[in-house]
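Quick one: the structure is below, and I'll ask about it shortly.
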Amino acid sequence: MNCESFKIATDVKNIFKFTPELILAKGRFAFEGQYFYAIAYRKYDLKAFHGQGAYGFLRAIVKGNDYGYSAFDGCLATPAPKSMELVLGNNFSDVTDSKAGIYGGISNNASLTFNYYINKYLVWRVNYSYTQVRNQGAGVPDHHANIFQIRIQIVF
């Protein structure tokens, strides 16, 4: 395996980030999304590193009241207790920049989640995700995983 494949963005002097996000809600349907673009400017005439990514979630309440907005958090309000929700998500990240000699990989993740809001502070989640990672440099094989999760989450 080529050790050069594992270079990271070293000697960073400053970083520029651009990360617009969007939240839309109408009745029992919502969309959340964000794009990010970052440049890490480096010292010693090292080439700057460029990375980018995006995620999006389509949400639907299948049992319960309409979505609300939380001005305190700046996002969708947690649905009312006993609500049930389906969430379809996609996430993309590209942290490989061959011009900078950095091969962090390109990741894609697709997910489907069922949320049951037990009460104001507890959410029961059932989630399936398919994740693929590729382009991590010479000698590093592509990877993928099917992940199934069941969990209780504390909301605070």
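What ³J(HN,Hα) values, in whole Hz, does the Karplus curve 6.51 cos²θ - 1.76 cosθ + 1.60 give for the stretch 120-130 when θ = phi - 60°, with x put for Gly and Pro?
3J(HN,Hα) across the stretch 120-130, in whole Hz: 4, 10, 10, 10, 9, 10, 10, 9, 10, 9, 10.
Moving on. Kindly write out, for the stretch 82-88 in residue order, the coupling ³J(HN,Hα) from the Karplus curve 6.51 cos²θ - 1.76 cosθ + 1.60 (θ = phi - 60°), rounded to whole Hz, with x marking Gly and Pro.
My calculation for the stretch 82-88 gives 6, 6, 10, 9, 10, 10, 10 Hz in order.
Add +1 for every Lys or Arg and -1 for every Asp or Glu among the other residues with Cβ under 10 Å from the Cβ of K47, and state the total.
0
Could you go through the stretch 14-21 in sequence order and give the Karplus-derived ³J(HN,Hα) for each residue, using 6.51 cos²θ - 1.76 cosθ + 1.60 with θ = phi - 60°, rounded to whole Hz, and x for Gly and Pro?
Working through the residues one at a time gives 6, 10, 10, 10, 10, 9, x, 9 Hz.
At N65 and D11, where each label point lies 7 Å from the Cα along Cα→Cβ, what is the point-to-point distance in nanometres?
A separation of 5.8 nm, rounded to one decimal place.
Is there a quick way to get the dipole size of the chain? I mean about its Cα centre, with the Cβ of Lys and Arg at +1 and of Asp and Glu at -1; what is the value in debye to the nearest 20? Intermediate values should be presented prior to the final figure.
Numbers: 16 positive and 11 negative charges, 55 e Å.
Charge dipole, the chain, about its Cα centre: 260 debye, nearest 20.
Bear in mind these aren't lab numbers, they're just calculated from the coordinates by the rules spelled out. Here the structure is a predicted model, which means the values were calculated and not measured. Quick reminder, even Gly has a Cβ in these numbers, built from the backbone with ideal geometry, and neighbours come from all protein chains shown.
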